[in-house]
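The values are calculated or read from the model by the stated rules, or taken from the named source; none is laboratory data. All values derive from a computational prediction rather than experimental measurement. We place every Cβ from the backbone using ideal geometry, glycine too, and count neighbours over all the protein chains shown. Quick note on the areas: whole protein, heavy atoms, side chains included, nothing else; ligands and nucleic acids left out. Shrake-Rupley method; radii C 1.70, N 1.55, O 1.52, S 1.80 Å.
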Amino acid sequence: MLYVLLALCLPVLSQMSSSAGPEVVFERIRNAGVITLNRPKALNALNLSMIRHIYPQLKKWEKDPETDLVVIKGAGGKAFCAGGDIRAVTDAGKTGDSLAQDFFREEYILNNAIGTFKKPYVALIEGITMGGGVGLSVHGRFRVATEKTLFAMPETAIGLFPDVGGGYFLPRLQGKLGLFLALTGFRLKGRDVQRAGVATHFVESQKISALEEDLVNLKSPSFDDVGAVLDSYQNQLLLHTLEKPVILTPDSSHLFCWCHRLFEASSVEGIQENLKQDGSAFAQKQAETLAKMSPASLKITFRQLQAGATMSLQDVLVMEYRLSQACMVRRGKDFYEGVRAVLIDKDQNPRWQPSSLKDVTEQFVDSCFAPLGEHDLKL
Ligand SMILES: *[C@@H]1O[C@H](CO)[C@@H](O)[C@H](O)[C@H]1NC(C)=O
């Protein structure tokens, strides 16, 4: 979920103006159901009313014999979806409003519906794709990145953790790459999004509308038929696009190795130690980034990915719902403080509690994972 990027690099946000028209548009184009996230001024940030429109529509299309595939995209060209609309959620949490429970529950139920969707589901993740936007795409069968895609799970910067099934997909990326992305909120761009395995395909931005046209023209496509169309577009890449590796160069893949070397540790403290000892400028920078994140979030996230590596998506979402409620209503203060520092006051100077890793006890982390009894998420 979330919205950090907005505050970090764009001065918009605090009062987002509502755009004209409905916040999600559904179209039937021949045998395809097309979902357009339509809050371009808010970078298509996901709010509860959008979730409440998308979920039933998706279930309807899943059963409808006339619908063969679903395409989801964002309006406005800048973002697929920059995250969950968390400002409203934290306001609700402070006043005890049920939105704090409902938002997470219904968002994770939607993530699961996408992860178990029985027909081809194609997410065109052009532009900013973070947090809640990742949850709307990464669990689907096909994710198409372009050179404009910007991916991140930046939740540890606001006292949260990489939810929406982050505990499922991140530990399944190569080596320790997912843990690196989860703890640091590192941004992947363009082709790297596909090399990392977050996207299944990479297609040039200028070809996306032709691709969409070909997809909706498919007649009763199987998963393989859809995959073949996406492959053919990927194979049309111009040489110059191929020659611009960002970080994950195809042959050396050095970020993969780097992550494996430095993020292979039995604790967050161990990772910090590895980074400090490494001595490279890149490692130094990542150590500084980690030092700014909520220590409680870092420890919760470390445990979340460790546990999630061997769990089903459903079990991960149940676990993450417990964590969301721990952050919102039961335990930590860091989520409110993070949202204050990053989104509301924008002083970028959160006062985390506890303020250092060594003061985040195992007992505290355990308590965040505790079952909620009758309030547990049911899928
Ligand atoms: C969601 O966003 C839309 C468009 O900005 C707005 O009209 C609607 O009230 C919002 N819903 C919630 C629950 O915040």
| task | State whether the residues of the range 48-57 include one that is open to solvent by 10 Å² or more (accessible area, probe 1.4 Å) and in contact with a Leu (Cβ under 7 Å, 6 or more places away or on another chain). | result | yes
| task | Please work out which one of (1) part of a helix (DSSP H, G or I); (2) open to solvent by 10 Å² or more (accessible area, probe 1.4 Å); (3) under 24 Å from residue 315 (Cα atoms) is the condition residue 60 fails and give its number. | result | (3)
| message | Anything in the range 154-168 that is under 24 Å from residue 339 (Cβ atoms) and not in a loop (DSSP other than H, G, I, E, B)? List them, or say none. | response | 155, 156, 157, 158, 166, 167
| Pick from the range 290-301 the residues that are in contact (Cβ under 8 Å) with a residue 60 or more places away in the chain and more than 14 Å from residue 160 (Cβ to Cβ): which of them is least open to solvent (accessible area, probe 1.4 Å)? | 290
| Looking at residue 334, is it open to solvent by less than 50 Å² (accessible area, probe 1.4 Å) and either within 27 Å of residue 270 (Cβ to Cβ) or charged (D, E, K, R) (or both)? | yes
| open to solvent by 10 Å² or more (accessible area, probe 1.4 Å), without any contact (Cβ under 8 Å) to a residue 40 or more places away in the chain, part of a loop (DSSP other than H, G, I, E, B) and out of contact with any Gly (no Cβ under 7 Å at 6 or more places or on another chain): does that describe residue 65? | yes
| query | Under 8 Å by Cβ, and 6 or more places apart or on different chains, what pairs join a residue from the range 255-269 that is in contact (Cβ under 8 Å) with a residue 60 or more places away in the chain and of a type outside the set (Phe, Trp, Tyr) with one that is surrounded by fewer than 16 Cβ atoms within 10 Å (Cβ to Cβ) and in a helix (DSSP H, G or I)? | reply | 269/358
| request: Residue by residue through the range 209-219, note down the ones that are open to solvent by 20 Å² or more (accessible area, probe 1.4 Å) and at pLDDT 95 or above. | output: 209, 210, 212, 213, 214, 217, 218
| Of the conditions (1) over 11 Å from the mean Cα position of the chain (by Cα); (2) more than 22 Å from residue 261 (Cβ to Cβ), residue 131 fails just one. Which one is it? | (1)
| query | Pick from the range 273-289 the residues that are buried (at least 19 other Cβ atoms within 10 Å of the Cβ) and either of a type outside the set (S, T, N, Q) or closer than 18 Å to residue 350 by Cβ (or both): which of them is nearest to the chain's Cα centre (by Cα)? | reply | 287
| request: Scan the range 79-123 for residues that are among the hydrophobic types (A, V, I, L, M, F, W, C) and open to solvent by 10 Å² or more (accessible area, probe 1.4 Å) and jot them down. | output: 88, 99, 109, 117
| (1) open to solvent by less than 70 Å² (accessible area, probe 1.4 Å); (2) modelled with pLDDT under 80; (3) of a type in the set (Val, Ile, Thr): which one isn't true of residue 268, the others all being true? | (2)
| note | Taking the range 32-57 and keeping only residues that are assigned to a strand (DSSP E or B) and either without any contact (Cβ under 8 Å) to a residue 12 or more places away in the chain or within 8 Å of the ligand (Cβ to nearest atom) (or both), one is left with none
| said: I'm checking my understanding of the structure. Among residues of the range 92-119 that are of a type outside the set (Asp, Glu) and assigned to a loop (DSSP other than H, G, I, E, B), which one is nearest to the ligand (Cβ to nearest atom)? | reply: 98
| request: List the number of the failed condition for residue 6; all other conditions in (1) away from the ligand (no atom under 13 Å from the Cβ); (2) at pLDDT 95 or above; (3) open to solvent by less than 50 Å² (accessible area, probe 1.4 Å) hold. | output: (2)
| remark: Filtering the range 193-224 down to residues that are closer than 26 Å to residue 282 by Cα, assigned to a helix (DSSP H, G or I) and without any contact (Cβ under 8 Å) to a residue 60 or more places away in the chain yields 194, 195
| message | Test of understanding: among 70, 122, 89, which residue is within 13 Å of the ligand (Cβ to nearest atom), in contact with a Phe, Trp or Tyr (Cβ under 9 Å, 6 or more places away or on another chain) and either β-branched (Val, Ile, Thr) or assigned to a loop (DSSP other than H, G, I, E, B) (or both)? | response | 89
| note | Scanning the range 303-345 residue by residue, the ones that are part of a loop (DSSP other than H, G, I, E, B) and at pLDDT below 90 total 3
